[in-house]
Protein chains: 2
Amino acid sequence: MKTFEIITESDARTIDRGATVALASGGHVTPLARDTLAERRITVVPADSFDASLPADLAPTADIRRVAIGNDHTGIAMKTAILQHLRGKGIAVQDLGTATTEPVDYPDIAALVARTVARGEADAGIVIDGSGIGSAIAANKIHGIRAAMCTDETIARYSREHNGANVMTLGSTLLPGNDAAIRIVDTWLGTAMREARYIRRLLKVRRLEQNPE
Amino acid sequence: MKTFEIITESDARTIDRGATVALASGGHVTPLARDTLAERRITVVPADSFDASLPADLAPTADIRRVAIGNDHTGIAMKTAILQHLRGKGIAVQDLGTATTEPVDYPDIAALVARTVARGEADAGIVIDGSGIGSAIAANKIHGIRAAMCTDETIARYSREHNGANVMTLGSTLLPGNDAAIRIVDTWLGTAMREARYIRRLLKVRRLEQNPE
């Protein structure tokens, strides 16, 4: 992939239609070039942020349209609030329960959500239990899942950008309320993993799944 | 196992030496009985907190004497502070690196610590990376490991009591400092998992390791 320090309008006309090129750190795209790049459907990525040798399915889906959500008996109200919020934004949400206050075990709920994401039936998963700790442990046991307990928006953002999380867990009894939970969910869903230096490390996580002893 | 509402001194004399008995919720042990129980090495556990059908190795070691610790390039200062603190308390600490600011990948460090704990070469593990998120994901890929990102003392305590965490991860750039990290570590190491209703769920986590698809 060709790397540019600056992309001018005449550069933009020489790049193949639909190609991806890299822009060096501190590099610049002229305003006129920007229009030409868009018209020619050329993608510009920061240099060192794309590595063609990495499997295309390594980083999680950036554009999340289908979410699987599950909760234990402590998380019904929070689940309902998040579900309504996401459906209101046009995201398809698969509700995997539980719907009653009858106690359920977090490994069961976490595995249900994690397997739905691992099979590609959802782009991302959300699991709610009392603290979010146990569901993160359980979900990470499923191959292809990178689950992060998100206690605030910073952790939510990092877990996507740096760690490619495809499942988030929330603590129904530890978070200050449903509004806070929704803000954390929105931050998480709205953050993509783009940098090759981070994506590369997911290969090492995947290798651990093949050598779990 | 016999369950008592009250244990008197004469009860204590009738219980087999070295036996374990249960005390009902709200139950009482008389002061005299307490001495006799101790002398006869009888263990009293809260009712419903012990289930003989659960594997003995399911809950993590309560009395942590050997700790494995590892860190990425961002966590050297925090690792050193924790290590000195724990050694000062008489805990054996195995330092698995890294020792330099040369970048290392969190899955490598997390796997090193996790495998040391899984093999029984340490009672518990501590992994430090920038946020603690990635190391928790990676460590949980190792069979027998329950890794929790500990952002504060509450999470640290819950992760042991409720989820039987045997690895904790810390964020070098997110925690307010080394003193905060040490408080979180002390809370985590000092909390045991005792309740059967929580321990039972670890069986389900273990089963996910055998069915990770």
Notebook entry, point to check: What percent does the relative contact order of chain A come to when contacts are Cα pairs within less than 8 Å and at least six residues apart?
Noted result: 19 percent
Check: When chain A is modelled as a GNM with alpha-carbon springs shorter than 10 Å, which of A:20, A:116, A:61 fluctuates the most?
Finding: A:20
Check: For region B:1-93, what's the relative contact order in percent, using C-alpha pairs closer than 8 Å and at least 6 residues apart?
Finding: 23 percent
Margin query: Rounded to whole angstrom, how close does the nearest chain B beta-carbon get to the axis mapping B onto A, and which residue is it?
Written below: B:140, 2
Notebook entry, point to check: Order of B:76, B:142, A:7 from fewest to most other C-beta atoms within 10 Å?
Noted result: B:76, A:7, B:142
Note to self: Just to confirm the numbers: residue A:46, label point 7 angstrom along the Cα-Cβ line, distances to the other copies in nm, shortest first?
What the structure shows: 4.9
Item checked: Per-selection metrics, region B:33-103 (Cα): Rg and Dmax in Å -> 19.4, 60
Check: Of A:199, A:15, A:109, which has the largest mean-square fluctuation in a 10 Å C-alpha GNM of chain A?
Finding: A:15
Note to self: At R0 = 45 Å, how high is the FRET efficiency between residue B:95 and residue B:41 if r is their beta carbon distance? Nearest 0.05 is fine.
What the structure shows: 0.75
Checklist line | Relative contact order (%) - criterion: Cα under 8 Å, at least six apart; region: region B:94-213 | finding: 23 percent
Margin query: How would region B:94-213 be classified by its alpha-carbon gyration tensor: rounded, prolate or oblate, with rounded meaning a/c under 1.5 and the a/b versus b/c comparison settling the rest?
Written below: oblate
Checklist line | Cα-projected label distance for residue B:119 with residue A:152, points at 7 Å along beta-carbon direction, nm | finding: 3.8 nm
Next item on the list: Kindly list the residues of region B:17-37 that lie in the label zone of residue B:8, defined by a backbone N under 15 Å from the point 7 Å along the Cα-to-C-beta vector.
Entry: B:28-34
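Quick note: the coordinates plus some simple rules give every number you see, no bench work behind them. Keep in mind that what you see is a predicted model, and the values were worked out from it rather than measured. Note: ideal-geometry Cβ built from the backbone for every residue, glycine included; neighbour counts use all protein chains shown.
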